[in-house]
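Report on one structure; see the data block that follows.
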Amino acid sequence: MKPAIWRAAELLGAEEDWIDALIEPAVSAAGAELGVKTLRGEPLAKQRRLLRAWLERGGVGAGFAEVEAVRSLLDPDAQGRPAKVNLPGDRHARRRGGRLWIEPAAK
């Protein structure tokens, strides 16, 4: 049983590296802001990967909860709801003008 688990872990680790290599150019090209409309058109798994990498690049330790909180800003029915989510490290993700960005919390 243990060898099968180790093999599975090795396979998943290699796939994780491959997916990260595919995501990195998109995150680099996006820079400090992400386009909401473009992100909405991506498959759910790619949205999550892009957001996690983008948040980490912005200095935010991002787990599932943080990624999903930011992903909620992509909801086209979010008009009238707050366009800001709190993030670790006294930061916020904001949505305005069809763009997402990270900013420090106001002091």
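Determine ³J(HN,Hα), in whole Hz, for all residues of the range 32-44 in sequence, where each value follows from phi through the Karplus function 6.51 cos²θ - 1.76 cosθ + 1.60 and θ = phi - 60°; x replaces Gly and Pro.
Result, rounded to whole Hz: 7, 10, 10, x, 4, 4, 5, 5, 4, x, 8, x, 3.
Placing unit charges on C-beta atoms (Lys and Arg positive, Asp and Glu negative, everything else neutral), compute the dipole magnitude of the chain about its Cα centre in debye, rounded to 20.
The calculated dipole for the chain is roughly 460 debye.
May I have the extent of the alpha carbons of the range 2-104 along their three principal axes, as whole Å values ordered from largest to smallest?
Computed over the range 2-104, the largest-to-smallest principal extents equal 52, 28, 24 Å.
In whole Hz, what ³J(HN,Hα) sequence does the range 59-74 give by Karplus (6.51, -1.76, 1.60; θ = phi - 60°), x for Gly and Pro?
So the J values, rounded to whole Hz, are x, 9, x, 10, x, 4, 4, 5, 4, 5, 4, 5, 4, 4, 6, 7.
Which one, Leu39, Gly58, Pro76, projects farthest toward the positive side of the charge dipole computed for the chain from Cβ point charges (K/R +1, D/E -1)?
Pro76
Tell me the mean residue ellipticity at 222 nm calculated for the chain from its helices only (DSSP H runs of n ≥ 4, each -39500 (n - 2.57), averaged over every residue, nearest 500).
-17000 deg cm²/dmol
Sequence-distant or interchain residues sharing an amide H contact under 5 Å with Leu87, placed H: which?
Residues meeting the amide H criterion: His92, Ala93.
No lab work stands behind these numbers, since they all come straight from the coordinates. Keep in mind that this is a model prediction, so the values were computed, not measured. Positions of Cβ are generated from backbone atoms using ideal geometry, with glycine treated the same way; all protein chains shown enter the neighbour counts.
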